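Reading through the structure tokens given below for one structure.
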Amino acid sequence: MHGYLSVVVYLGFIIAFAVVSLGMAWVLSPKRPFASKLDTYECGAEPIGGAWVQFPVGFYLVALVFIVFDALAVFLFPWVLVLRTLGVRGIVTMVLFLAILGLGWLYAYRERILEWH
């Protein structure tokens, strides 16, 4: 139990901070409801039409390509940190990984996924 005491104390501080923060926000927040406060807000523009709008598939494709290249950064940083200890095998493995990602980027480029219409 002695090993978990610091975890319990830390958890207590986290819960106390959350409760105090929410309580202070509730106490200090203005209680003046008015019409514009209750309206839907989207970039200061008045909403026109219904809320169910079909988005172009390009938004999702760009998001997927971003996730793929974000995975590159996740694997590239630790590799750079241990580059000297990996030797030739580690460098060849990373070059293969980058080549596969490059093929994915080339496919996205050829399919014009990255173009905005």
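The values are calculated or read from the model by the stated rules, or taken from the named source; none is laboratory data. Remember, predicted model here, so these are calculated numbers, not experimental data. Methodologically, a virtual Cβ is constructed for each residue, glycine included, from the backbone with ideal geometry; neighbour enumeration extends over all protein chains shown.
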How many of the residues making up the stretch 107-117 are of a type in the set (Phe, Trp, Tyr) and either at pLDDT 90 or above or in a helix (DSSP H, G or I) (or both)?
2
Neighbours by Cβ (under 8 Å, 6+ apart or cross-chain): first from the stretch 101-113, surrounded by 11 or more Cβ atoms within 10 Å (Cβ to Cβ); second of a type in the set (A, V, I, L, M) and assigned to a loop (DSSP other than H, G, I, E, B):
Ala108/Leu114
